[in-house]
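Report on one structure; see the data block that follows.
The values are calculated or read from the model by the stated rules, or taken from the named source; none is laboratory data. This is a predicted model, so every value here is computed, not measured. Every residue, glycine among them, receives a Cβ derived from its backbone with ideal geometry; neighbour counts consider all protein chains shown. Quick note on the areas: whole protein, heavy atoms, side chains included, nothing else; ligands and nucleic acids left out. Shrake-Rupley method; radii C 1.70, N 1.55, O 1.52, S 1.80 Å.
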Amino acid sequence: MDITKILDYQKLDSELFKLEKSLKENQNKKLAFSLQDSAKKAQERSSQLENRAESLVKEIETVQKQYEIQSAKMKEIFAKDVDKLSKDEVEQLISLKDKLAQNLVILDKNMTKLAENVNAVLADFNKTRKIFASAKENYSKAKDAYDNEAKAIEPQMTELRKKLESLEKSLDAKVVEQYKKRRNDNIFPVFVPLSSNLCGYCHMELPAVNISKIKDEGHITCEHCRRIIYNK
């Protein structure tokens, strides 16, 4: 393997790698992803709150119907002429009235609690919609900023890719394949020098047998970081 040519290739590729890394770690890009996630969560939350509100409305309608039924029964009791009733009938009527009164108190408390829940859901919904609107607006700004930055360096990246394609023609296809496989796994630099008896990148000590092998064959693969170690 002609190590000089592949090192020239790697040197040129390092410029492209830095540009790609700058885009990958771009703050506007990270912000855009974060805001997109916030907007998605806010939208999901809004949907959940809408369903909760619908459920509460149905509960309120049920309680209202029960309240109306109990109130109607109470009115029937008050409409009766107790003078025409026996003592037992009056006592039964009073017992029924007390029970209905208790039911009305419970229903009234339930209605109050449901109303409070509705207000809480509405407040949460309004807050969530504001978060969604803000995240959506700021996402657009962050994305536009990132797109402009990416657009500015794209010509430079395109030129580097063309030069790399041209250099590939003079390299061994198998070497390029090994290089690109590691490069795609975000292992960079791919080729590193032997440093005494250590890997030139991760600085792990190499066994004596590997030292002999690298001196005989010119290169080996580091067992720790998977980079290709060459003998300077």
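In table form, for the structure just shown:
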| quantity | calculated |
| --- | --- |
| Identity of the residue in region 167-217, among the small types (Gly, Ala, Ser) and out of contact with any strand residue (DSSP E or B) (no Cβ under 6 Å at 6 or more places or on another chain), that ends up nearest to ILE3 (Cα to Cα) | SER170 |
| Residues of region 182-198 that turn out to be outside any loop (DSSP other than H, G, I, E, B) and modelled with pLDDT under 90, as a count | 0 |
| Residue check, GLU15 charged (D, E, K, R), over 30 Å from GLU168 (Cβ atoms) and either modelled with pLDDT of 95 or more or outside any helix (DSSP H, G or I) (or both) | no |
| Qualifying position, being modelled with pLDDT of 95 or more, closer than 16 Å to ARG226 by Cβ, open to solvent by 90 Å² or more (accessible area, probe 1.4 Å) and of a type in the set (Ser, Thr, Tyr), among TYR201, TYR179 | TYR201 |
| Conditions (1) under 28 Å from the mean Cα position of the chain (by Cα); (2) within 27 Å of LEU114 (Cβ to Cβ); (3) of a type in the set (D, E, K, R); number of the one not met by GLU59 | (1) |
| Residue among LYS113, LYS97, LYS127, LYS109 that is part of a helix (DSSP H, G or I), free of Cβ contacts under 8 Å to residues at least 40 places away in the same chain and over 30 Å from ARG52 (Cα atoms) | LYS97 |
| First in region 167-180 and of a type in the set (A, V, I, L, M), second anywhere and at pLDDT below 95 and not in a helix (DSSP H, G or I), Cβ under 8 Å, 6 or more apart | LEU171/ASP2; VAL175/MET1 |
| Any hit, region 216-226, residues being farther than 19 Å from GLU20 by Cα, open to solvent by less than 70 Å² (accessible area, probe 1.4 Å), assigned to a strand (DSSP E or B) and without any contact (Cβ under 8 Å) to a residue 60 or more places away in the chain | yes |
| Which numbered condition ILE187 misses (of (1) in contact (Cβ under 8 Å) with a residue 12 or more places away in the chain; (2) open to solvent by 50 Å² or more (accessible area, probe 1.4 Å); (3) not small (Gly, Ala, Ser)) | (2) |
| Set ALA135, ALA120, ALA150, ALA142: member being open to solvent by less than 70 Å² (accessible area, probe 1.4 Å) and without any contact (Cβ under 8 Å) to a residue 40 or more places away in the chain | ALA120 |
